[in-house]
Amino acid sequence: MCGIVGAVAQRDVVDILVEGLRRLEYRGYDSAGVAVVNDSGELQRLRRLGKVKELADAVAAQPVPGGTGIAHTRWATHGEPSERNAHPHVSSNITVVHNGIIENHAVLRDALKAKGYIFTSDTDTEVIAHLVEEELKSHSSLLTAVQAAVKQLHGAYGTVLLDKTDASRVVVARSGSPLVIGLGIGENFIASDQLALLPVTRRFIFLEEGDVAEITRHSVSIFDKNGQAVEREVHESNVSYDAGDKGQYRHFMLKEIYEQPSAINNTLEGRLSSDSVLDETFGNGAAELFKKVKHIQIVACGTSYHSGMVARYWLEALAGVSCNVEIASEFRYRKSFVQPNSLLVSISQSGETADTLAALRLAKEAGYLGSLTICNVAGSSLVRESDLAFMTRAGAEIGVASTKAFTTQLVGLAMLTLAVGKYNGLTLEQQRELTAALRSLPAKLEETLTLAPQIEALAEEFADKHHALFLGRGDQYPIAMEGALKLKEISYIHAEAYAAGELKHGPLALIDADMPIIVVAPNNDLLEKLQSNVEEVRARGGILYVFADANARFKSDATMRVINVPHVADILAPIVYTLPLQLLSYYVAIIKGTDVDQPRNLAKSVTVE
């Protein structure tokens, strides 16, 4: 995920900019750059392919003094990863950095070329620099030129611009991609995430959708989408950041469970329009490919396989395309039939999972339309070797048992459902409903996390258990599988998951008072069927632990413990119901005294067969 840092100060700012980029490295990127205006009004720009360290080394070798500057880490969407495509981009006097996707960049590029502008990169971002340069010919300030320019941009952007002829200010604009202003004393800052600015300030203003702001050393002027001057609240931050620091949490796993609302907000950031998902979120040429897709083959391992199983329900019910999901280690060792107009989708947290990578390489020769990977690590093998890539932006996940990597994968797959579905009969109204549901998800997850004390108390009843059974129906069945996996991974309790309708075909033989039965029960079309399955367990003396929608009419009694989960749209239910199961596994593991973050025999990234 791209990162932005900017500063207007009396002191040299390049070290602040580079340190800010370091703090955003966890998001994933392929290049980095910085531009600073010195006291003589000269713009000095350095860009490097690779890690921020490469840029830092370049700055050390070629100092770039100056009090006004902007910096960026880029994840390629338009144009290959290269120094020429790295930000910042320049047009004569204007320099720009940008997060997001400009959907109408091709039209703007052609119009600007016709006016004599020369493009030196393949990016969509460069059109912003030239467009503002053009607008300055008929406007009296950088602020008004930017306000005129952004009205012509379609898509998502968080952008910062400076004019080297007036280094006393920068202008920023936000639409679909967040920006935060950091307030100092005689200096002010801008970033895509407050984490980048924590070394220099704790006072922040979060820009709202459509805002344009002018920032100088001594002032911040903000204008809303209608051009009206507005005041935005100043927030005092007590956030601390260190990807290797557990902070207030006892374990990394618990920290990462609680990071899921913000991680999913990052996943969504800059990728949704008012009524759908931006196709280029998935990479160059995604729209043309998605128009042809009639079948999707998903390959993955472990937790990622479970996310693919959920996606099958969504893709077939909502997107109108058939879908197969297969464990990568099985897929790679059998001869499979490729459906016409098929897209191969690989899913991996690390992007280096050996079986998934091997499956992708085999599939490249099998006649698929193309390949897409859903991944959390920029520059990984799966990302490099796939035609398209969706970065989940989960951030660093230290705990071996995946939490936020899984839920951000589900969000990415929901967005894929939207992107493919709009070419296969998903109505505009349905797209709007799904988009609105996705926007509401972080708040729903925050609400769900308030159940933690109830779940911690319930976990006490698992202290002497050695086996557990998880039940779900429909798209909750893979969530039951994920819940069982989490419990066995970190507590070492043997756990299985079943589609609840399969109970009578064998698992009922296991039911007794010593076998906890965990049920996920959203209020959906399968609720009545699930309630019947629950009664089958009760009739045989089983003890049930039910995570149920508040409207699902489950009541606690001597044989059933019920925890009510916030009501959510159907497409969100698999994501929301994942969190209580993660918390249950965590608290049971604490009681069992196991190594939560590094369970025995397991590794974070499985790079061998």
| said: Please compute the modelled spin-label separation between Asp514 and Glu456, points set 7 Å along Cα→Cβ, answer in nm with one decimal. | reply: 3.0
| In terms of the Cα gyration tensor, with a ≥ b ≥ c the square roots of its eigenvalues, is segment 308-451 rounded because a/c is under 1.5, prolate because a/b exceeds b/c, or oblate? | oblate
| Quick one: net charge of Pro574's neighbours, Cβ under 11 Å, K/R +1, D/E -1? | -3
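Would you mind getting me the FRET efficiency between Lys137 and Glu446? Use the beta-carbon distance for r and R0 = 45 Å, nearest 0.05. Let's see the in-between values first.
Details: r = 47 Å, r/R0 = 1.05.
In this case the efficiency is close to 0.45.
By how many nm would the segment from Arg538 to Ala396 grow when fully extended, if each residue of separation counts as 0.36 nm and the alpha-carbon distance is taken off?
That works out to 46.9 nm of additional length.
With +1 on each Lys and Arg Cβ and -1 on each Asp and Glu Cβ, and nothing else charged, work out how big the dipole of segment 243-426 is about its Cα centre, in Debye to the nearest 20. Don't skip to the answer; put the middle values down first.
Numbers: 17 positive and 17 negative charges, 51 e Å.
About 240 debye.
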| note | The FRET efficiency for Gln152 and Glu502, from their Cβ-Cβ distance with R0 = 56 Å and rounded to 0.05, is 0.50
| message | Need the full-extension length gain, Ala569 to Glu330, defined as separation in residues times 0.36 nm minus the C-alpha distance. One decimal, nm. | response | 82.7 nm
| Can you give the extra length, in nm with one decimal, that the chain gains between Ser273 and Glu433 once fully stretched, where that is 0.36 nm per residue apart less the Cα-Cα distance? | 56.4 nm
| message | Rounded, prolate or oblate for segment 3-236? Axes are the square roots of the Cα gyration tensor eigenvalues, ordered a ≥ b ≥ c, and the cut-off for rounded is a/c under 1.5. | response | rounded
| remark: In degrees rounded to 10, the 0-90 angle between helix 52-61 Cα long axis and the longest Cα principal axis of the chain is 30
| query | To the nearest 500 deg cm²/dmol, what mean residue ellipticity at 222 nm is calculated for the chain from DSSP H runs of n ≥ 4 alone, each contributing -39,500 (n - 2.57), summed and divided by the residues? | reply | -10000 deg cm²/dmol
| field | FRET efficiency for His494 and Glu208, using Cβ-Cβ distance with R0 set to 41 Å, rounded to 0.05 | value | 0.25
| note | Within segment 90-124, the residues whose backbone N lies under 20 Å from a label point placed 7 Å from the Cα of Asp166 along the Cα-to-Cβ direction are 90-97
| Between Ala60 and Ala114, what is the spin-label point distance in nm, taking each point 7 Å from the Cα along the Cα→C-beta axis? | 5.0
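Please figure out what share of the DSSP beta bridges in segment 243-426 is antiparallel and state it in percent, rounded to the nearest 5.
Values: 1 of 23 bridges.
Among the beta bridges of segment 243-426, antiparallel pairing accounts for roughly 5 percent.
What list do you get for Lys292, Lys465 if you sort them by fewest beta carbons within 10 Å? Kindly include the intermediate steps, with their values, before the conclusion.
Numbers: Lys292 13, Lys465 19.
Taking fewest neighbouring Cβ atoms as first place, the list is Lys292, Lys465.
Any read-out appearing in this document is the output of simple, stated calculations on the displayed coordinates, not a laboratory observation. In this text the structure is predicted, and so the values were computed from the model without any measurement. Ideal geometry is used to build each Cβ from the backbone, glycine not excepted, and the neighbour counts take in all protein chains shown.
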